[in-house]
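Take a look at the structure set out below.
Nothing in this text is a laboratory measurement; each read-out follows from the coordinates by a stated rule. Since this is a predicted model, take the numbers as computed values, not measurements. Neighbour counts run over all protein chains shown; Cβ positions are idealised from the backbone, glycine included.
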């Protein structure tokens, strides 16, 4: 309904403009143009969109001065989801002889956006490539590169996307290092997914290049940890995992199982000492869930102590409450059994809020972690939601 109102206002403004402009123009010609718009508006009101479109296109053929207006009309059609009608308008304008070059660029760029929205990515890409060859204005190229990079992302053409973003960075002088870093990680993951020695070596090169764009890329470090784990180079794997741990504790759950495997495979007390040192440096118990998963190695008394303290702090997920109850029931933490059973039943009320992932930019919610938000397509904006974000830490009432 809102687009219908916008259309009506838009067409009425066109009519007012046409009736009042160019007083020296021949009356018959002006009347013919205005008649076309009136007919188009009537068809639009009657929801006969195809007939309305024919009238508006016919009006373009008579009037050289209002092509920009029809570009806007095409945009409105596209925003309504009527991409085919938008495409017809652009193609009709582009076919005109002696079309002003600036207008032609605007129309072709909008046509590329139409094809993009319609899912015709190859056709959109072809138009943008042509515009790159024909245009040298930085402002035009920036718009083209931004749309082209979006297309390559959808096609998962990470090498091409990286080249375009580098060109965009040089032109705009903006920092795209985070995006470039993610692109290299995508290339690394593609190689690593082949699961052989050669592809693993290639994946390392891409991941290291990712770090050259963004030296603190947690994603690249986790990926390097995974690759070296695959290559059975456990020292390097442990190094990259713990480096990621210290930098972003909230992502530790992505690789804690592999750290546990490293402990088992190496039987190295030095690794345990390093872990305990890392854990002790974080009084907010950011690593609680990860410590619980390697509790067999760290010992029950250590786990009982950190569990009690973490529960008092109220800074973690449902797992911390569940583990706390388990320790009480095991007799490792003293408490009244009746109250413990109440806590146990209360836990079920909170479990649905635990381990969800939220995009900090658009609010997209998921049970899985994504490096690129499926909603807004931004990178590095997904994080896991903790239990404390959903309940009052004093009353345990859901917010």
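Ordering 371, 379 by the number of other Cβ atoms within 10 Å of each residue's own Cβ, fewest first, gives 371, 379. With Cα atoms as the point set, the radius of gyration and Dmax of segment 175-267 evaluate to 12.7, 44 Å.
Look at where the Cα atoms of segment 217-269 and of segment 126-203 average out, and the two centres are 28 Å apart. As a proxy for reagent exposure, ranking 88, 219 by other Cβ atoms within 10 Å from fewest up yields 88, 219. The simple spin-label model puts a point 7 Å past each Cα toward its Cβ; for residue 360 and residue 84 those points are separated by 4.4 nm. Just to verify a number: FRET efficiency for residue 278 and residue 150, C-beta to C-beta distance, R0 = 51 Å, to 0.05? Efficiency for this residue pair is about 0.80.
Placing dummy labels 7 Å off each Cα toward the beta-carbon, the span from residue 326 to residue 139 is 6.2 nm. Can you compute the FRET efficiency between residue 126 and residue 212 using 1/(1 + (r/R0)^6), with r the Cβ-Cβ distance and R0 = 35 Å? Round to the nearest 0.05. After rounding, the FRET efficiency stands at 0.60. Fewest-first ordering of 147, 329 by other beta carbons within 10 Å of each residue's beta carbon gives 329, 147.
The modelled label-to-label distance for the pair residue 117/residue 267, using points 7 Å beyond Cα in the direction of Cβ, is 6.6 nm. The stretch between residue 94 and residue 247, if pulled fully straight at 0.36 nm per residue, gains 49.8 nm over its current Cα-Cα span.
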